[in-house]
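Q: The structure's right below; bear with me while I get my questions together.
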Amino acid sequence: MPSTPPSTIQRRITSVEMCDIVKRFPGVLANDRVCFDVRAGEVHALLGENGAGKSTLMRQLYGMYQPDAGEILIDGQRVEFHSPADAIRSGIGMIHQHFMLVPTLTVAENIALGLPSSRGPVLDLDKVSARVQELSAAYRLKVESDAYVWQLSVGEQQRVEILKALYRGASFIILDEPTAVLTPQEVDDLFATLKHMVSEGHGLVFISHKLNEVMAISDRVTVLRDGCMAGTIPGREATRDILVSMMVGREVKPLAPQPLQAGAARLKIEGLRAQGDRGTEALRGVDIEVHAGEIVGLAGVSGNGQRELAQCLAGLRKVTTGTITIDGKDLTHTELKAHIEAGLAYVPEERMRDGAIRDFSVEENVFLHDHAAPAYTHAGIFLDFRKMAAHATDLVKQFSVKTPSLDTPIKNLSGGNIQKLILARELSRKPKILIAAQPTRGVDIGASEYIHQRLLEQRATGTAILLISEDLDEIRSLSDRIAVIYEGHIIGIVQRGEATVEEIGLMMAGVSATHG
C-alpha cells in the first residue's frame, strides 16, 4: 500500500500538445491528423458527437492507446506513453466515464490501490486517509475516506476518482463525459470544484457533447466531427448554433410536438409499492395513468424510485402491493415475457446491462426477444438466418445505426448507436406501450434529436409512452403531461406548459404542486 505523496503537485506542467494524431482501428479511422493542446489554468472542452473520436484521442494522451502517427509534447518535449502508468508519472490523470472503483473497498483503499506501501507489507491507510482528507478539504471534494464505495452516490464516487488523480500528483486531468450520470445539483458541485482546480493551476480537458455545460465551463472549445478537427474557438464566443453547426454540419431545430387527442388509458398503475436493492421501500404507492397517443414525462432527481418503477412495469422487479394493468389486463405479478406479449416495449436506463449483451453482435442483439418468433424460424425449430439478417439490415438502415457490419460486437458501437439499435428493436414490435428510461443519457445532440423524433412518431401511432428522464428540457419539450416523483411517490402531475422549471424543481425537492 502507498506512501503518502508530497503535499504539492509532483510536476507542474505548463502545456500539453498533441500534433497531427492519427489512430486507426479495423475498418475505422478514429482520429485523422488531429491537433489539440491544453494549458495550465484553463478548461479546454473537447466536443463532438458519439463516435467523433474524442475519447480515443484522450486515451492516447493517457497511454491507453498509442498513436499510429503524430506526436505528444509536454512543455515542448516529445514524450511516448506506453501505458497509463507512464502518463501518471508525467503528471497526467484521467477520470473515466465509467468509474474505475472497487465497490467493496473503502475510499482510502481505492485511492491506495496499486501503489507501494511505505511500510512494506503493512498497510498505511492511516496516512492515506489523512492525505485524502487534506485533499478533500483543499479542493472542496467532500467524502469520507473510510466509507465503502458501494455506499456512495454517483456524485460522491466521481469525487473519489478526482481525489485518486490528485493523490497521484496529477497536474493535468482529463474528464471523460464527467456529467453523464450526475444530477443537476451534482453538476453544479462538480463545476465549482473544477473552477477551483483551474485557479490552483491545473489544466483540465472536459470531454462532452452537452452544449450548455461546455459553454458554462470552458475557456476554449475544440470540436471533432467524424474523427477530424472541425475547429477551435474561445469559450466566450461559443453559442449553441455555432457549436451545433461545428458538431453535425447542419442546423438542429428544437422540436415542437403537435397537440393530439389522447385515447383510452392503456397503462394504469395504482398504489404500487416495491422494494429497492437494499431492502428498503423504493416505491410508496405510485398512482399514474398513460393514455394512447400521449407522452407522460416522469421527472425527478436520481434515486427517487424511477429505476424501480421502470423495472416493475417491465416485469423485472417484484411488486409488493398495488396493481399494473395493460389494456385492462392485470399483469402485476407476471414476468417479462407476459409484459412483452401484452404489447409493452422497454428501453432501459442501463443499456449495456439491461438492454444489450455487450459481446453479442449487432444482429444477435436485435433478436434477444424474438429469436423464437415464427417469422424467423423454420417449422418453429430452426432459425431462418436469411430472414433474420434481412430484418436486422432493415432496422439498421431505418434507424440510421452506424456499424461496420451486422457481425460487429455491439460493445464496439458508440453509445448513441447502441441506443438507436435498442430503440429500433423495441419499436419494431409495434408496441402499445413504451417505457423509455433515460433514452438520451450519454447520447450526442444528433442522436438525441433522432430519438426524440422517433418517440413523437410513435406517439402519433397511438402508443402510450412513459418517458423517464432527469433532463428537464427533454421532459418539457416532449411530454403532454409531467409527473414528478419524490421519495417513491408521485408528488404532482401537471399539463404541458402549466409549470415553470422553477416550480417543477420545487416539486422535485418535495414541495407539492399548486396545479390541478
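What follows draws every value from the coordinates through simple rules; no lab data is involved. Quick caveat, the model's predicted, so the values are computed rather than measured. Ideal geometry is used to build each Cβ from the backbone, glycine not excepted, and the neighbour counts take in all protein chains shown.
Q: Counting Lys and Arg as +1 and Asp and Glu as -1, what is the net charge of the other residues whose Cβ lies under 12 Å from the Cβ of residue 66? Numbers along the way, then the final one.
A: Working: positive: 23, 24, 59; negative: 68, 71, 80, 86.
In short, -1.
Q: Now a separate question. State to the nearest 20 debye the size of the charge dipole of the stretch 362-428 about its Cα centre, where the only charges are +1 on K and R beta carbons and -1 on D and E beta carbons.
A: For the stretch 362-428, the charge dipole is close to 200 debye.
Q: Considering only the other residues whose Cβ falls under 9 Å of the Cβ of residue 35, what net charge follows from Lys and Arg at +1 and Asp and Glu at -1?
A: On the way: positive: 33; negative: 17, 20, 37.
Within the 9 Å Cβ shell, the charges total -2.
Q: Can you list the HN-Hα couplings for the stretch 37-48, worked out from phi with the Karplus curve (6.51, -1.76, 1.60; θ = phi - 60°), rounded to whole Hz and with x for Gly and Pro?
A: 9, 9, 10, 4, x, 9, 9, 10, 7, 10, 10, x
Q: If Lys and Arg each add +1 and Asp and Glu each add -1, what is the summed charge of the other residues whose beta carbon sits under 9 Å from the beta carbon of residue 420? Display every interim value, and only then the final one.
A: On the way: positive: 402, 454; negative: none.
For residues surrounding residue 420, the net value is +2.
Q: What ranking of 481, 131 emerges when the number of other C-beta atoms within 10 Å of each C-beta is taken as an exposure proxy, fewest first?
A: On the way: 481 19, 131 23.
Neighbour counts put them in this order, fewest first: 481, 131.
Q: Would you calculate a helix-derived [θ] at 222 nm for the chain, using -39,500 (n - 2.57) for each DSSP H run of n ≥ 4 and dividing by the full residue count, to the nearest 500? Before the final figure, lay out the partial values.
A: Details: 16 runs with 157 residues, N = 516.
Result for the chain: -9000 deg cm²/dmol, rounded to the nearest 500.
Q: Whose amide H sits under 5 Å from the amide H of residue 225, counting only residues 5 or more places off or on another chain, with H placed in the peptide plane?
A: Amide H neighbours of residue 225, under 5 Å, 5+ apart: 230.
Q: Next question, about the same structure. So who's got an amide H within less than 5 Å of the one on residue 490, skipping anything under 5 residues away but keeping other chains? H placed 1.01 Å off N, in plane.
A: So residue 490 has HN proximity to 287.
Q: Could you give the length gained by full extension between residue 461 and residue 402, i.e. 0.36 nm per residue of separation minus their alpha carbon distance, to one decimal place?
A: Details: separation 59, 0.36 × 59 = 21.24 nm, distance 2.61 nm.
Length difference between fully extended and current span is 18.6 nm.
Q: Also, I was wondering about something else. Can you list residues whose amide H is under 5 Å from residue 299's amide H, if they're 5+ apart or on another chain and H is modeled 1.01 Å from N?
A: Correct list: 483, 484, 485.
Q: Return 99, 172 ranked ascending by Cβ neighbour count within 10 Å, so the fewest neighbours appear first.
A: On the way: 99 17, 172 28.
By the 10 Å Cβ count, ascending, the order reads 99, 172.
Q: May I pose another question? Using the Karplus curve 6.51 cos²θ - 1.76 cosθ + 1.60 with θ = phi - 60°, what ³J(HN,Hα) values do you get for each residue of the stretch 199-214, in whole Hz, with x for Gly and Pro?
A: My calculation for the stretch 199-214 gives 5, 8, x, 6, x, 10, 9, 10, 8, 6, 10, 9, 5, 5, 6, 4 Hz in order.
Q: Okay, next question. Can you work out ³J(HN,Hα) from phi for every residue in the stretch 490-501, in order, using Karplus 6.51 cos²θ - 1.76 cosθ + 1.60 and θ = phi - 60°, giving whole Hz and x for Gly and Pro?
A: Once rounded to whole Hz, the list reads 7, 8, x, 10, 10, 6, 3, x, 7, 10, 7, 4.
Q: Please arrange 474, 503 by counting, for each residue, the other beta carbons lying within 10 Å of its beta carbon, fewest first.
A: On the way: 474 22, 503 17.
By the 10 Å Cβ count, ascending: 503, 474.
Q: Please work out the Cα center distance from the stretch 177-223 to the stretch 382-440, rounded to the nearest Å.
A: Comparing the Cα centres of the stretch 177-223 and the stretch 382-440, I get a distance of 32 Å.
Q: Counting alpha carbon pairs within less than 8 Å and at least 6 residues apart, what relative contact order, in whole percent, applies to the chain? Present the calculation step by step, with values, prior to reporting the outcome.
A: Numbers: 1061 pairs, mean separation 78.4, N = 516.
Computed over the chain, the figure is 15 percent.
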